[in-house]
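Below you'll find the structure, written out as C-alpha cells, and then a few comments.
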2 protein chains.
Amino acid sequence: MPARYLEDLSVGETWEGGPIPIAEDAVIAFAKAYDPQPMHVDPVAAAQGRFGGIIASGWHVAALVMRDYVESSPFGDTPLLGLQLDGLRWEEAVRPGDVLQARREILEVTRSRSKPDRGLVRIGVTVTNQHGRTVMRYTNLVQIFARPDAEAGC
Amino acid sequence: MPARYLEDLSVGETWEGGPIPIAEDAVIAFAKAYDPQPMHVDPVAAAQGRFGGIIASGWHVAALVMRDYVESSPFGDTPLLGLQLDGLRWEEAVRPGDVLQARREILEVTRSRSKPDRGLVRIGVTVTNQHGRTVMRYTNLVQIFARPDAEAGC
C-alpha cells in the first residue's frame, strides 16, 4: 500500500484488522515479563480465582491490538506516532482460545496550526471477541505527516 | 507486605517504584513482537528519522510501568484489576539508556454500592526520566476488594 498522509484521510473512514488469536503460552509469557499476577501467570491459582482460569493482561491485549494496527494500517509506511490515549475500557476478560477483532474509525482529522507539515488523527478503536462482545475500547490521538509536496489545507 | 484492602487506602497516599532502565535489545524485541515500526526496531532507519535514533514503543513503556506497579504495589498480594485508563499522554520519547521512575498517587477511593465487597481506586501515574522530565502520565481505575471480614464503609 502506498503511503497516505494527513490530507488523504476522512472522518468516518473505518477499517478492520485481522483475527487476533489469544494463545495461553503467549498470555503467560507476556505476563511473566510485564504483569506477573497469579490471574495471568498461574493456571492453578487462576482456576480457583474469580475468573475460573487464566486471563490475559490488559496490557497484553493492548499490545496485540497495536501489532494488528501496524499490520492493518491504511496509512502505508507513514509512521504512526501515538501521542494520547483516552477512555480505555477493559470491558471483559480475555482468555486463552479467544479470537479478537479490532475495528477502527477515524473520528477527527486536524492539521497543526503551528506546524502545518503535520496533523493529528483521532481514531476510535473497538475490540470484540468471537462472541461479538466488546472486550476493550479506546480512542487514540496519532500524529501523522502531511503530504510532503502539498500545501493545501485539509 | 500484608495484603491491603479498599478500606486501608487513603486519598493522597503516594508511592514510587524502582528505577526502570530502558535497554536497546529489550526495546527492539518488544517492538518486533508488538509495534514493528522502523523508529522502534531499525537502528539505521531510526538514526535517519526525526528522533535521531531508536525510541521505545509507548506500549513497551506502559508495560514496563505495569511490571513496576506489580513489584512496588503497596497493596500486598491483593489482585489489581485494571478496568479503565484515561488521559494517557506519551509526552516525550523514551530512548535506550534512559532510566525511568514512576510515581503514583491515590486520587479517589469508592466502595461499590451494588457490590459492597469491592470498590474502585483511581490512581494517578506520572513517569519521569533521569532528567526529571515527564515521559508518560495517565490515570488508572483499579478494582480492589474490601477486607473480607469487614462490613464498615470507607
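Values computed for the structure shown
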quantity: Selection count, the stretch A:92-126, where residues are of a type in the set (D, E, K, R), under 27 Å from residue A:31 (Cα atoms) and either open to solvent by 40 Å² or more (accessible area, probe 1.4 Å) or more than 12 Å from the chain's Cα centre (by Cα) (or both); calculated: 4
quantity: The stretch A:9-48, residues that are in contact (Cβ under 8 Å) with a residue 60 or more places away in the chain and not in a loop (DSSP other than H, G, I, E, B); calculated: A:14, A:15, A:16, A:20, A:21, A:24, A:27
quantity: Answer residue from the stretch B:49-74, given it is outside any helix (DSSP H, G or I) and touching an Asp or Glu at 6+ places or on another chain (Cβ under 7 Å) and is surrounded by the fewest Cβ atoms within 10 Å (Cβ to Cβ) among those; calculated: B:54
quantity: Matching residues, the stretch B:86-128, being in contact with a helix residue (DSSP H, G or I) (Cβ under 8 Å, 6 or more places away or on another chain) and under 16 Å from residue B:60 (Cα atoms); calculated: B:88, B:90, B:94, B:96, B:97, B:100, B:102, B:125, B:127
quantity: Failed condition for residue A:59, given (1) under 19 Å from residue B:143 (Cα atoms); (2) touching a helix residue (DSSP H, G or I) at 6+ places or on another chain (Cβ under 7 Å); (3) hydrophobic (A, V, I, L, M, F, W, C); (4) more than 10 Å from chain B (Cβ to nearest Cβ); calculated: (4)
quantity: Filter result (aromatic (Phe, Trp, Tyr) and modelled with pLDDT under 95) within the stretch B:32-60; calculated: B:51
quantity: Residue list for the stretch A:81-91, restricted to those being surrounded by 15 or more Cβ atoms within 10 Å (Cβ to Cβ) and aliphatic (A, V, I, L, M); calculated: A:81, A:85, A:88
quantity: Index of the failed condition, residue B:78 passing every other in (1) β-branched (Val, Ile, Thr); (2) touching a residue at least 24 places away in the same chain (Cβ under 8 Å); (3) closer than 30 Å to residue A:78 by Cα; (4) buried (at least 17 other Cβ atoms within 10 Å of the Cβ); calculated: (3)
quantity: Answer from B:109, B:121, B:94 - the residue that is of a type in the set (Val, Ile, Thr), within 14 Å of chain A (Cβ to nearest Cβ), touching a residue at least 60 places away in the same chain (Cβ under 8 Å) and at negative phi; calculated: B:94
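The values are calculated or read from the model by the stated rules, or taken from the named source; none is laboratory data. Only a predicted model underlies this, so the values are computations on that prediction, with no experimental measurement involved. Glycine also receives a Cβ, built like all others from the backbone with ideal geometry; neighbour counts cover every protein chain displayed. To get the accessible areas, we keep the full protein, side chains included, count just its heavy atoms, and leave off ligands, DNA and RNA. Shrake-Rupley method; radii C 1.70, N 1.55, O 1.52, S 1.80 Å.
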